[in-house]
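Everything below concerns the one structure shown next.
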Amino acid sequence: MKFDNSKSSLWQRTSKWRNGLLAAATSLLIAPTSDAQVNYSFNFDANSTGWTGANFFHYTGASACGGAGGATRANLYNYVTTANLISPLTGTAIGGAITITYDYKANNWSANTVGTATPLGNYTIQYGPSATGPWTNITTVANEAQTSACISKLHVFTPPAGAVYIRYSAVWTGGDYYLNFDNIVMTEAVAPPCAGTPAPGNTTGPVGAVSGGTIDLGLQNNT
């Protein structure tokens, strides 16, 4: 093997090496995160795996939303006045608007087939970055007229980029009923494109480098 020890050749090899590292660093900085997006669904037909909270339980039967499949429900009455249902991780938001749809009903204990009279109470849907919050309200559904049929709901919210969990937090006012939830679907829209012209400034790094050493490259400005 023949080596060229000239200063010119060494400068050229070093320059090419640094240019290659700069290109790699730039490609990492602008790489898309298309896999980080909320696209989640759960119908409780088989189980309620991953869902936690207080006083909600999985069940199956003809009174479930959608028929013979499964759902989750909490029995609310004067001795059990609150309940909450917390999702597993639904995905990692990229800053787009998330649409959540689901079915619910409040039907009298114990047959779960007759709509509960109002006032019955309310539930609030919230989102948070973990299963313990902190929680931000999406909307509150209060004292909605009930029949034996499940009611389909749709809400839109825009959380910050990051992990997304959902919580249903229910409060009893009157009656003795099951609060049922089923067929939860969450879909995030593509985040809007960045506005303006990027201005990264100069590439930052050490003045020189040695073979086998480690160097850190960066950008002068945030982009």
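Taking K and R as +1 and D and E as -1, what net charge do the other residues with C-beta under 13 Å from the C-beta of Ala117 add up to? Write out the running numbers ahead of the final one.
Numbers: positive: none; negative: Glu144, Asp176.
Result for the neighbourhood of Ala117: -2.
Over segment 154-223, with the other protein chains present, what is the accessible area per residue in square angstrom, probe 1.4 angstrom?
With the other protein chains kept in place, segment 154-223 gives 59 Å² per residue.
Please state, rounded to one decimal and in Å, the Kirkwood hydrodynamic radius that segment 63-133 gives when every pair of distinct Cα atoms enters the mean of 1/r.
For segment 63-133, the Kirkwood estimate is 15.0 Å.
Need one number: nm distance between label points at Tyr79 and Ala161, each 7 Å from Cα along Cα→Cβ, rounded to one decimal.
Going by the 7 Å Cα→Cβ label model, 5.1 nm.
When only the heavy atoms of the protein chains count and the probe is 1.4 Å, how do Thr52, Thr124 rank by accessible area, highest first?
I get Thr52, Thr124, largest accessible area first.
The values are calculated or read from the model by the stated rules, or taken from the named source; none is laboratory data. Everything quoted here is computed from the prediction, not taken from an experiment. So basically every Cβ, Gly included, is an ideal-geometry build from the backbone, and we count neighbours across all protein chains shown. Note: areas computed on protein heavy atoms with side chains; ligands, DNA, RNA excluded. Shrake-Rupley method; radii C 1.70, N 1.55, O 1.52, S 1.80 Å.
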